[in-house]
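The structure appears right after this line, and notes come after that.
The values are calculated or read from the model by the stated rules, or taken from the named source; none is laboratory data. Just so you know, these numbers come straight off a predicted model, no measurement behind them. Positions of Cβ are generated from backbone atoms using ideal geometry, with glycine treated the same way; all protein chains shown enter the neighbour counts. We work out accessible area using only protein heavy atoms, side chains counted, and drop any ligands, DNA or RNA first. Shrake-Rupley method; radii C 1.70, N 1.55, O 1.52, S 1.80 Å.
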Amino acid sequence: MTDMEDVEGQATSPGSAPSRARLVACVVVLVACAFVQLPGWTALDTKVDLYENPWAFLGRSLHAWDVHTASGTLQNQAFGYLFPQGPFFGVLHSLGLSAWLSQRLWWSLLLVVAFLGMRRLLVTIGFESDAVVLISAMAYAVSPRIVSAIWSWRRASPSSCGAASLTTIY
């Protein structure tokens, strides 16, 4: 059996039905990874108001001076949350979803975008083995760069968007 064959001996390519089932399984695993982290608890973050009151946070990010922090502070990074992260949390907050659920959905989105982007890149450049494509895409999605951008002390960092979507820019 070659790496282009499934367990029944049939050839598999990244577009075949067995490949689509494996693709869905990989996505489910990535989403599960995001949701098993501290179930029910919003993870510690330096931008907690992005989760708890996103529309107010986005409103303050439009101004250089923030009077709501300590005795006032100069905004130096809040503008990075204007898109897509801020509206994502704002819409979910408006729909009544908890901060915990919104945070896990964001993490899931980043992991899945990283996975699907790498899969697409590998298929585009000519990799034909479904196994190689899926294993490589999973390895990228859970690589230290992606995971540390999501599950570090600065979880809400806009840099996590760039790391996850890097493979989609070609």
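Below, the figures for the structure above:
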{"item": "Single residue of region 117-134 satisfying the filter (open to solvent by 40 Å² or more (accessible area, probe 1.4 Å), on the phi < 0 side of the Ramachandran plot and not in a helix (DSSP H, G or I)) that is modelled with the highest pLDDT", "result": "Ile125"}
{"item": "Condition check for Trp65: of a type in the set (Phe, Trp, Tyr) and within 23 Å of Leu30 (Cβ to Cβ)", "result": "no"}
{"item": "Cβ-Cβ under 7 Å pairs, at least 6 apart or on other chains, region 77-88 side part of a loop (DSSP other than H, G, I, E, B), far side surrounded by 15 or more Cβ atoms within 10 Å (Cβ to Cβ)", "result": "Leu82/Leu58; Leu82/Ser61; Pro84/Cys161"}
{"item": "Check on His68, modelled with pLDDT of 80 or more and not in a helix (DSSP H, G or I)", "result": "no"}
{"item": "Val67, sole failed condition from (1) over 24 Å from Leu44 (Cβ atoms); (2) open to solvent by 70 Å² or more (accessible area, probe 1.4 Å); (3) of a type in the set (A, V, I, L, M, F, W, C); (4) in contact (Cβ under 8 Å) with a residue 24 or more places away in the chain", "result": "(4)"}
{"item": "Among the candidates Ala56, Ala114, Ala164, Ala137, residue that is open to solvent by 30 Å² or more (accessible area, probe 1.4 Å), part of a helix (DSSP H, G or I) and among the aliphatic types (A, V, I, L, M)", "result": "Ala56"}
